[in-house]
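Trainee: Input: one structure, supplied below.
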Amino acid sequence: MRSTEDEGSNFMRLVVDSSYSELESVINQALSFFESHTDNMDVLHKVMLLTSEAVTNGMKHGNQLDKNKSVVVDFMCHENSLEVWVEDEGNGFDRDAIPDPLSSERLMNEGGRGIFLIEKMADEVKYEKGGRRVGMVFNLEATDKE
């Protein structure tokens with residue numbers, strides 16, 4: 001994993017190989033970074049869960065677990081929000097082609113809920129580069145640290 005962050009910065013970038021063994025480190029880095037910007041545990045829990053989901057999707061579905069391909073994860077802090085962007089080197093995807101995981105024929109499936117969780121739990125979700133880059137925005141409450 002490669003990391004870029006200036007001390008006291010509101011931005012950090014991680015570049016990780018497409019290996020599940022990198023996930024714990026990504027989540028630990030995210031928690032450390034965002035804890036310095038907010039004490040809102042509800043938001044922090046959402047950020048950790050959805051970062052894990054998005055990075056896993058990038059590794060598995062985007063990069064096909066090819067360890068020669070990287071996933072880039074950007075963390076950003078703003079006055080009233082936190083952002084996480086995840087970009088893989090895959091072919092992207094068509095959001096409209098992703099089936100509803102709550103449909104009766106898919107309800108008992110073990111997987112397929114990552115995008116659903118991201119869209120339900122993040123305050124805003126953006127797809128760029130044909131689905132290769134996913135951004136999640138988490139709004140902060142006025143009681144958080146500045």
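Trainee: What number, rounded to the nearest 500 deg cm²/dmol, is the helix-based mean residue ellipticity at 222 nm of the chain, given -39500 (n - 2.57) per DSSP H run of at least four residues and division by all its residues?
Mentor: -8000 deg cm²/dmol
Trainee: Shifting gears a bit: How far, in degrees from 0 to 90, does helix 41-57 lean away from the longest principal axis of the Cα atoms of the chain, to the nearest 10?
Mentor: 40 degrees
Trainee: Based on the Cβ-Cβ distance from Ser9 to Asp100, what FRET efficiency comes out when R0 is 30 Å, to the nearest 0.05? Walk me through the numbers before you get to the answer.
Mentor: Values: r = 39 Å, r/R0 = 1.30.
Between Ser9 and Asp100 the formula returns 0.15.
Trainee: Right, another one. Give the lysines whose C-alpha is closer than 24 Å to that of Lys69, dropping any in the same chain fewer than 8 places away, or say none.
Mentor: Lys60, Lys126, Lys129
Trainee: With label points built 7 Å along Cα→Cβ from the Cα atoms of Lys60 and Ser81, find their separation and express it in nm.
Mentor: Using points 7 Å along Cα→Cβ, the separation is 2.8 nm.
Trainee: Right, next: At 7 Å along Cα-to-Cβ for each site, give me the label-to-label distance between Lys67 and Glu128 in nm.
Mentor: Output for this residue pair reads 3.1 nm.
Trainee: For the chain, report the % of Cα-Cα distances exceeding 20 Å.
Mentor: 47 percent
Trainee: Once you place label points 7 Å from the Cα toward the Cβ at Ser21 and Glu119, how far apart are they in nm?
Mentor: Placing both labels 7 Å beyond Cα along the Cβ direction yields 3.5 nm.
Trainee: Okay, next question. For Glu124, Glu87, which order do you get if you count the other beta carbons within 10 Å of each Cβ and list the fewest first?
Mentor: Glu124, Glu87
Trainee: Answer with one residue from Ile115, Met76, Gly92: the one whose Cα lies farthest towards the positive end of the charge dipole of the chain, charges on Cβ with Lys, Arg +1 and Asp, Glu -1.
Mentor: Result: Gly92.
The numbers here are math on the coordinates, done by the rules we state, and not lab data. Since this is a predicted model, take the numbers as computed values, not measurements. Quick reminder, even Gly has a Cβ in these numbers, built from the backbone with ideal geometry, and neighbours come from all protein chains shown.
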